[in-house]
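Asks: Quick one: the structure is below, and I'll ask about it shortly.
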Amino acid sequence: MNKFYGTGVAMVTPFDADGEVDFEGLRRLIDFLIEGGIEYLVSLGTTGESVTLSKDEKKKIWAFTAEVNAGRVPLVAGIAGNNTAEVVNEIKTFDTKGYDAILSASPNYNKPTQEGIYQHYKALAGASKLPLLLYNVPSRTGSNVSAETTVRLANDFKNIIGIKEASGNFDQLNQIARDKPADFLLISGDDPISLPMIALGTAGVISVVGNALPRQFSDMIRLCLKGDFKAALTGHSSFIDFTRMMFAEGSPAGVKIALKSRGICGDTVRLPLVQVSAGLAEKIVAETQKLAK
């Protein structure tokens, strides 16, 4: 359980100018994040543009990531979808070598009931050899995993060990924090509210902005986890404008500009995502340089 305290980073998937997976860029990113002090990596979550990758590409990226990481930090694979049977099969056939957990977003588009969400995760729990982290992100999925459903899953399945909670609903967050089992991990899925979420007792964050500024962001999160919120507030405040820019014209287009400015990888994204406008890119580069000092 301690593997997932602190800052996890939902890694981007670097592409070359032709839109093919840039494995050398991915190697540089993995090393950059680990050397920057992050606690764990998430491969092919939403930020990794996983929905635009083929099954073969996903397998190659997961294997490559595990090889480059070489056990240096815990590793989480993002495996999700809105066809439960297909997700179950992907989890059953997933090569777990080098991986410590699976992160799975609630089904998108279908808008299942709470019972449907429960049964979906029940099926995944029964199929997985690795611990599962739930992922609630209503802004993307079109439905919310309620506090009651989260707590029910936490109590019913020992291999469901936590949730990346990105609802932004503090009433819901309060309820989960109060009612969850003591060893169930509540993890922030929203960079800008990680500080107040940690004050509620969350285990840290799975971050987007940490791709570009791993040292600065993970240092701030560690201060929060130590309870030194006064010291953490300086860093938290410095990220406000940067975080807003990361999502202003879609993620991960924003953070890829920041990574390009740091020499890690290019800024290519796959359709239907497009690169950010020139004006926003200029602002992101300037803010990245300021914060990276």
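The values are calculated or read from the model by the stated rules, or taken from the named source; none is laboratory data. As the structure is a computational prediction, the values presented were derived from the model and not from experiment. Virtual Cβ from ideal backbone geometry, glycine too; neighbours counted across all protein chains shown.
Asks: Of all residues in region 1-51, count the ones that are closer than 20 Å to Ala166 by Cβ, β-branched (Val, Ile, Thr) and more than 10 Å from the chain's Cα centre (by Cα).
Replies: Summing the residues that are closer than 20 Å to Ala166 by Cβ, β-branched (Val, Ile, Thr) and more than 10 Å from the chain's Cα centre (by Cα) in region 1-51 gives 3.
Asks: From Cys224, Cys265, which residue is assigned to a loop (DSSP other than H, G, I, E, B), at pLDDT 95 or above and buried (at least 16 other Cβ atoms within 10 Å of the Cβ)? Break it down into steps so the answer makes sense when it comes.
Replies: On the way: Cys224 fails: assigned to a loop (DSSP other than H, G, I, E, B).
The unique qualifying residue is Cys265.
Asks: In addition: Cβ-Cβ under 8 Å, sequence separation 6+ or interchain: first residue in region 87-106 and surrounded by fewer than 17 Cβ atoms within 10 Å (Cβ to Cβ), partner charged (D, E, K, R). Which pairs?
Replies: Close Cβ pairs (under 8 Å, with a partner that is charged (D, E, K, R)) amount to Asp95/Lys59; Thr96/Lys129.
Asks: Something else now. Quick check on Phe217: is it in contact with a strand residue (DSSP E or B) (Cβ under 7 Å, 6 or more places away or on another chain) and farther than 28 Å from Glu57 by Cα? Steps first, answer last, please.
Replies: Numbers: in contact with a strand residue (DSSP E or B) (Cβ under 7 Å, 6 or more places away or on another chain): yes; farther than 28 Å from Glu57 by Cα: yes.
Taking the combined requirement at face value, the residue satisfies it.
Asks: Okay, next question. Just to be sure I understand, how many residues within region 155-166 are over 16 Å from Phe4 (Cα atoms) and surrounded by 20 or more Cβ atoms within 10 Å (Cβ to Cβ)?
Replies: Number satisfying all stated conditions: 1.
Asks: Being buried (at least 16 other Cβ atoms within 10 Å of the Cβ) and not β-branched (Val, Ile, Thr) is the filter here, so list the residues in region 274-293 that pass it.
Replies: Gln275, Leu280, Ala281, Lys283, Glu287, Leu291
Asks: Further, regarding this structure: Would you confirm, using the coordinates I've provided, whether Ala182 is part of a loop (DSSP other than H, G, I, E, B), at pLDDT 95 or above and among the small types (Gly, Ala, Ser)? If you could, list the steps in order and put the result at the bottom.
Replies: Values: part of a loop (DSSP other than H, G, I, E, B): yes; at pLDDT 95 or above: yes; among the small types (Gly, Ala, Ser): yes.
Yes: the conditions hold for Ala182.
Asks: Can we say Leu173 is part of a strand (DSSP E or B), within 30 Å of Asp241 (Cα to Cα), touching a strand residue (DSSP E or B) at 6+ places or on another chain (Cβ under 8 Å) and hydrophobic (A, V, I, L, M, F, W, C)? Steps first, answer last, please.
Replies: Working: part of a strand (DSSP E or B): no; within 30 Å of Asp241 (Cα to Cα): yes; touching a strand residue (DSSP E or B) at 6+ places or on another chain (Cβ under 8 Å): yes; hydrophobic (A, V, I, L, M, F, W, C): yes.
Criteria not met by Leu173.
Asks: Please go through region 114-127 and give me each residue that is surrounded by fewer than 17 Cβ atoms within 10 Å (Cβ to Cβ) and either assigned to a strand (DSSP E or B) or not charged (D, E, K, R) (or both), ordered by number.
Replies: Gln114, Gly116, Gln119, Ala123, Gly126
Asks: Being in contact with a helix residue (DSSP H, G or I) (Cβ under 7 Å, 6 or more places away or on another chain) and within 26 Å of Asn144 (Cβ to Cβ) narrows it down to one residue among Gly81, Gly98; which is it?
Replies: On the way: Gly98 fails: within 26 Å of Asn144 (Cβ to Cβ).
Matching residue, one of Gly81, Gly98: Gly81.
Asks: Name the residue, out of Ser194, Ser237, Ser251, that is hydroxyl-bearing (Ser, Thr, Tyr), crowded, with 23+ Cβ neighbours inside 10 Å and either part of a helix (DSSP H, G or I) or in contact (Cβ under 8 Å) with a residue 60 or more places away in the chain (or both).
Replies: Numbers: Ser237 fails: crowded, with 23+ Cβ neighbours inside 10 Å; Ser251 fails: crowded, with 23+ Cβ neighbours inside 10 Å.
Selected residue: Ser194, the only one of Ser194, Ser237, Ser251 that is hydroxyl-bearing (Ser, Thr, Tyr), crowded, with 23+ Cβ neighbours inside 10 Å and either part of a helix (DSSP H, G or I) or in contact (Cβ under 8 Å) with a residue 60 or more places away in the chain (or both).
Asks: Being in contact (Cβ under 8 Å) with a residue 40 or more places away in the chain and within 15 Å of the chain's Cα centre (by Cα) is the requirement here; does Ile161 meet it? Quick ask: steps written out before the conclusion?
Replies: Numbers: in contact (Cβ under 8 Å) with a residue 40 or more places away in the chain: yes; within 15 Å of the chain's Cα centre (by Cα): no.
No; evaluated as a whole, the condition is false for this residue.
Asks: Filter region 60-95 down to the residues that are assigned to a strand (DSSP E or B) and of a type outside the set (Val, Ile, Thr), then identify the one that is farthest from the chain's Cα centre (by Cα).
Replies: Start the filter on region 60-95 by keeping residues that are assigned to a strand (DSSP E or B), which leaves 75-78.
Going one step further and asking which of them are of a type outside the set (Val, Ile, Thr), we end up with 75, 77-78.
Details: Leu75: 11, Ala77: 10, Gly78: 8 Å.
My answer is Leu75.
Asks: While we're here: If you go through region 98-113 one residue at a time, do you hit one that is part of a helix (DSSP H, G or I), among the hydroxyl-bearing types (Ser, Thr, Tyr) and at negative phi? Even if it seems obvious, please write down each step before you answer.
Replies: At the first step, the residues of region 98-113 found to be part of a helix (DSSP H, G or I) are none.
Checking region 98-113: not a single residue is part of a helix (DSSP H, G or I), among the hydroxyl-bearing types (Ser, Thr, Tyr) and at negative phi.
Asks: Still on this structure, please answer the following. Report, by residue number, each residue of region 128-169 that is in a helix (DSSP H, G or I) and hydrophobic (A, V, I, L, M, F, W, C).
Replies: First, pick out the residues of region 128-169 that are in a helix (DSSP H, G or I): 138-141, 147-156.
Once the filter is applied, which keeps residues that are in a helix (DSSP H, G or I) and hydrophobic (A, V, I, L, M, F, W, C), region 128-169 yields Ala147, Val151, Leu153, Ala154.
Asks: Gly201: within 18 Å of the chain's Cα centre (by Cα), surrounded by fewer than 17 Cβ atoms within 10 Å (Cβ to Cβ) and outside any helix (DSSP H, G or I), yes or no?
Replies: Criteria not met by Gly201.
Asks: Further, regarding this structure: Identify, by number, the condition in (1) in a loop (DSSP other than H, G, I, E, B); (2) more than 18 Å from Leu124 (Cβ to Cβ) that Glu57 doesn't meet.
Replies: Only one criterion in (1) in a loop (DSSP other than H, G, I, E, B); (2) more than 18 Å from Leu124 (Cβ to Cβ) is unmet by Glu57, namely (1).
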